[in-house]
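**Student:** What follows is a single structure, and I will ask about it in a moment.
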Amino acid sequence: MTALKAYPVWDASVRWFHWINLLCVLGLIAVGVVILNAKLLGVTNDGKILLKTVHVWIGYVLALNLTWRLVWAFIGGPHARWRAILPGGRGYMNEVRGYIADFKAGRPRQYLGHNPLGRIAVTLLFFLLLVQAVTGLVLAGTDLFYPPIGAWIAGWVANPGVDPATLVPYAKEMYDEAAYEEMRAFRKPFITVHYYGFYVLLAFTVIHILAVVVTELREGGNLVSAMFSGRKVLSGPPADRTKAD
């Protein structure tokens, strides 16, 4: 029987980020689907404002959570840092080829942190989340006049004599028509990126879940439970073990 050994891997910050991020992404997807189909579902303007408000507040949580994780990648433990996340470095491509070959041969290498392909996936996930967060913050300002740029947008589009602080969504009588159209033109590339990024993130989320299931079945290492306990249980020496492990 192969001896199993538990290794401490994911610290509390990484674990909290993962599960908060998962809940936020699922919540944003659910609300986003309703917003995209609001007309079909017969949602009123007040309903749209409520949905967008919920979407924005979940987005704020995601953005703060992501910001902390990006900072933690500089100051966290060895498996949380950029050097353990970003693909590349000396011998990386050889490691990728060896990992793929061993995986196909039915003897997959076990890793404490992310395997070579997992590092690519995590980097792409961070990029997608960052793009959605940045574009979402812009749209929060142009849709609902929410921070961080809402006050500037309100000052831009308010009719002369209208206090920008009193602007509300869908109240076109309060907007300067020319300025509003200019603002919409400014907003367009951000909503385009956010819209298509939504579908890419949705597809990536499904792929990520499938990849975790496949890796769990082929490699072991209790990937899911390790994100609760912080410890991975492996049946052999990890390929990325360091002196600190």
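**Student:** Being surrounded by fewer than 14 Cβ atoms within 10 Å (Cβ to Cβ) and more than 19 Å from Val25 (Cα to Cα) is the filter here, so list the residues in the stretch 173-205 that pass it.
**Tutor:** Within the stretch 173-205, Glu173, Glu177, Ala178, Glu181, Glu182, Arg184, Ala185, Phe186, Lys188, Pro189 meet the criteria.
**Student:** Would you confirm, using the coordinates I've provided, whether Lys39 is assigned to a helix (DSSP H, G or I), of a type in the set (Lys, Arg), surrounded by fewer than 14 Cβ atoms within 10 Å (Cβ to Cβ) and at negative phi?
**Tutor:** yes
**Student:** Out of the stretch 23-54, which residues are closer than 19 Å to Gly136 by Cβ and not aliphatic (A, V, I, L, M)? Walk me through how you get there before you give the answer.
**Tutor:** Keep residues of the stretch 23-54 that are closer than 19 Å to Gly136 by Cβ, which gives 23-38, 48-54.
Correct list: Cys24, Gly27, Gly32, Asn37, Lys48, Lys52, Thr53.
**Student:** Tell me the residue from Phe74, Phe103 that is in a helix (DSSP H, G or I) and without any contact (Cβ under 8 Å) to a residue 60 or more places away in the chain, please. Spell out how you get there, then give the answer.
**Tutor:** Details: Phe103 fails: without any contact (Cβ under 8 Å) to a residue 60 or more places away in the chain.
Of the residues listed, the single one that is in a helix (DSSP H, G or I) and without any contact (Cβ under 8 Å) to a residue 60 or more places away in the chain is Phe74.
**Student:** Going by what's in this entry, would Val56 be described as in a helix (DSSP H, G or I), free of Cβ contacts under 8 Å to residues at least 40 places away in the same chain and surrounded by 14 or more Cβ atoms within 10 Å (Cβ to Cβ)?
**Tutor:** Answer is no for this residue.
**Student:** Could you go through the stretch 134-141 and let me know if any residue there is surrounded by fewer than 18 Cβ atoms within 10 Å (Cβ to Cβ) and of a type outside the set (S, T, N, Q).
**Tutor:** Scanning the stretch 134-141, I find at least one residue that is surrounded by fewer than 18 Cβ atoms within 10 Å (Cβ to Cβ) and of a type outside the set (S, T, N, Q), so the answer is yes.
**Student:** Looking only at the stretch 145-167, count how many residues are over 29 Å from the mean Cα position of the chain (by Cα) and in contact (Cβ under 8 Å) with a residue 24 or more places away in the chain.
**Tutor:** Of the residues in the stretch 145-167, 2 are over 29 Å from the mean Cα position of the chain (by Cα) and in contact (Cβ under 8 Å) with a residue 24 or more places away in the chain.
**Student:** From the list Leu139, Leu117, Leu112, which residue is closer than 27 Å to Ala73 by Cα and in a helix (DSSP H, G or I)?
**Tutor:** Every option except Leu117 fails the conditions.
**Student:** If we keep just the residues of the stretch 206-224 that are small (Gly, Ala, Ser) and over 30 Å from Val33 (Cβ atoms), which is surrounded by the most Cβ atoms within 10 Å (Cβ to Cβ)?
**Tutor:** Within the stretch 206-224, the match that is surrounded by the most Cβ atoms within 10 Å (Cβ to Cβ) is Gly221.
**Student:** Moving on. What are the residues in the stretch 153-163 that are surrounded by 15 or more Cβ atoms within 10 Å (Cβ to Cβ) and either within 17 Å of Arg184 (Cβ to Cβ) or among the polar types (S, T, N, Q) (or both), if any?
**Tutor:** Within the stretch 153-163, Ile153, Ala154, Trp156, Val157, Ala158, Asn159 meet the criteria.
**Student:** Can you tell me which residue within the stretch 85-96, out of those that are touching a helix residue (DSSP H, G or I) at 6+ places or on another chain (Cβ under 9 Å) and not in a loop (DSSP other than H, G, I, E, B), is surrounded by the fewest Cβ atoms within 10 Å (Cβ to Cβ)?
**Tutor:** Only one residue tops the list, namely Met93.
Values quoted throughout were computed directly from the atomic coordinates according to the rules given, and no laboratory measurement underlies them. As the structure is a prediction and not an experimental result, all values here were calculated from the model. All Cβ positions, glycine included, derive from the backbone under ideal geometry; neighbour counts span all protein chains shown.
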